[in-house]
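The structure appears right after this line, and notes come after that.
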Amino acid sequence: MEYTIEVFLDDYRIGKLKGTPVESQIDAVFGGELKVVRVKVGEEIKGEVLKAFESARIDSRACITDTPVAFKRAVFDEIVKQKSLGEEVVKAVLARIDEIKELAAKESEYLPAPEIETE
């Protein structure tokens with residue numbers, strides 16, 4: 001089975017993909033409001049991503065979601081570097097998984113849960 005990792009794009013990121021083979025693979029979603037590229041991965045890579053991040057899950061579209069921002073940022077950086085949406089992009093990111101997990105752990109420190117007032 002094939003799984004997808006979606007990377008959403010802002011104008012800055014779209015600019016970094018201009019002129020690369022990836023540019024033609026940018027899709028518009030939500031009525032054209034958002035731009036996204038999709039990296040397809042197989043069973044083995046999906047398993048490694050799910051194992052690396054407790055929050056990660058597979059949604060009904062076979063999309064790997066709820067991964068940390070640090071992981072998504074690393075995937076985007078690798079897409080730019082390799083000018084590809086192939087599985088090798090995620091393999092390169094997984095080769096640095098310890099560093100990415102450290103960055104992800106810092107994210108949760110910086111993003112405290114909202115305080116909810118109860119009466």
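Any read-out appearing in this document is the output of simple, stated calculations on the displayed coordinates, not a laboratory observation. Note that this is a predicted model, so its numbers are computed, not measured. Cβ placement follows ideal geometry from the backbone for every residue including glycine, while neighbour counts extend to all protein chains displayed.
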S55 - would you say it is over 22 Å from K106 (Cβ atoms), of a type outside the set (D, E) and in contact (Cβ under 8 Å) with a residue 12 or more places away in the chain? no
Residues of region 51-86 being over 13 Å from the mean Cα position of the chain (by Cα), among the basic types (K, R) and not in a loop (DSSP other than H, G, I, E, B), in sequence order, are K51, K81
Within region 24-43, residues part of a helix (DSSP H, G or I) and surrounded by 14 or more Cβ atoms within 10 Å (Cβ to Cβ) come out as Q25
Note to self: V49 - would you say it is within 21 Å of L9 (Cβ to Cβ), of a type in the set (A, V, I, L, M, F, W, C) and surrounded by fewer than 16 Cβ atoms within 10 Å (Cβ to Cβ)?
What the structure shows: no
Result of the Cβ filter at 7 Å on region 1-25, keeping first residues that are without any contact (Cβ under 8 Å) to a residue 24 or more places away in the chain and partners that are surrounded by 10 or more Cβ atoms within 10 Å (Cβ to Cβ) and part of a helix (DSSP H, G or I), at least 6 apart or interchain, is E23/L17
Result of the Cβ filter at 6 Å on region 85-99, keeping first residues that are free of Cβ contacts under 8 Å to residues at least 40 places away in the same chain and more than 20 Å from E23 (Cβ to Cβ) and partners that are hydrophobic (A, V, I, L, M, F, W, C) and assigned to a helix (DSSP H, G or I), at least 6 apart or interchain, is V93/A74; V93/V75
